[in-house]
Amino acid sequence: DFAPPDYKPNQRRYLWRQDKIDYSLGYIVVVEGFKACLSVVDAGFENCVALCGAKITQEQVDLLKESGLSVVIFLDNDQAGRIGSENCVIKLRDHQNVAVVQYDKPAPDDLTRNEIALVLNKAIKEVL
């Protein structure tokens, strides 16, 4: 008799694009998904990673803490994103400088490149 192993999805133990981070910049931008991440990178901010969801895992918190970088939270502007942003701040604020990007559209990828640059530059100044 062959019985397949029980499938248990892995917790998110990574940050999408974490291998592209330039630690000399002193900050990292955290977004929910890869589409938002690509929009941020396209706007000229290479130090961007994606959680792949609105909820940050403990493994992702540990990765961000280990990085030693200031953190700019740029999650979606819906209820899940606002709750996720608040949780990120709570979990990271004792270890790093943290700022949450304020903007008025549903998601970072709904902003133009210029709008992304404007809101991110403001938040980056807060953490550096």
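If you go through region 107-128 and keep only what is touching a Gly at 6+ places or on another chain (Cβ under 9 Å) and outside any helix (DSSP H, G or I), you end up with Ala107, Leu128. Considering region 80-97, and only residues there that are in contact with a helix residue (DSSP H, G or I) (Cβ under 9 Å, 6 or more places away or on another chain) and open to solvent by 50 Å² or more (accessible area, probe 1.4 Å), the residue that is nearest to Ala50 (Cα to Cα) turns out to be Lys91.
Residues of region 60-79 that are loosely packed, with under 14 Cβ neighbours inside 10 Å and either of a type in the set (Asp, Glu) or assigned to a helix (DSSP H, G or I) (or both): Asp62, Glu66, Asp78, Gln79.
The set of residues in region 39-59 that are in a helix (DSSP H, G or I), farther than 17 Å from Asp94 by Cβ and over 12 Å from the mean Cα position of the chain (by Cα) comprises Ser39, Val41, Asp42, Glu59.
Taking each residue of region 35-56 that is in contact (Cβ under 8 Å) with a residue 24 or more places away in the chain and among the small types (Gly, Ala, Ser) and looking for partners that are open to solvent by 20 Å² or more (accessible area, probe 1.4 Å) and not in a strand (DSSP E or B) with beta-carbon atoms closer than 6 Å, six or more apart or interchain, yields Ala36/Asp109; Ser39/Asp109; Ala43/Arg113; Ala43/Ala117; Ala50/Gly33; Ala50/Phe34; Ala54/Glu32; Ala54/Ala80. For Ile83, the conditions (1) farther than 18 Å from Gly33 by Cβ; (2) modelled with pLDDT of 95 or more are fulfilled apart from (1).
Screening Asp109 on (1) open to solvent by 60 Å² or more (accessible area, probe 1.4 Å); (2) out of contact with any Pro (no Cβ under 9 Å at 6 or more places or on another chain); (3) of a type in the set (Asp, Glu) shows it passes everything except condition (1). Please go through region 39-54 and give me each residue that is surrounded by fewer than 16 Cβ atoms within 10 Å (Cβ to Cβ) and at pLDDT below 95, ordered by number. Result: Gly53, single match. Looking across region 10-37, just one residue is of a type in the set (A, V, I, L, M, F, W, C), modelled with pLDDT under 90 and open to solvent by less than 60 Å² (accessible area, probe 1.4 Å), and that is Leu15. When region 103-125 is filtered for residues that are in contact with a strand residue (DSSP E or B) (Cβ under 6 Å, 6 or more places away or on another chain) and either under 15 Å from Leu25 (Cβ atoms) or without any contact (Cβ under 8 Å) to a residue 40 or more places away in the chain (or both), the ones remaining, listed by number, are Ala123, Ile124.
Checking each residue in region 88-102 for being out of contact with any Asp or Glu (no Cβ under 7 Å at 6 or more places or on another chain), closer than 17 Å to Ile28 by Cβ and at pLDDT 95 or above picks out Cys88, Val89, Lys91, Leu92, Asn97, Val98, Val100, Val101.
The values are calculated or read from the model by the stated rules, or taken from the named source; none is laboratory data. If you're wondering where the values come from, they're calculated on a predicted model, not measured in any experiment. Because the Cβ atoms are built from the backbone with ideal geometry, glycine has one as well, and the counts that use them run over all protein chains shown. Each accessible area value is taken on the protein alone, full model and side chains, heavy atoms only, with ligands, DNA and RNA left out. Shrake-Rupley method; radii C 1.70, N 1.55, O 1.52, S 1.80 Å.
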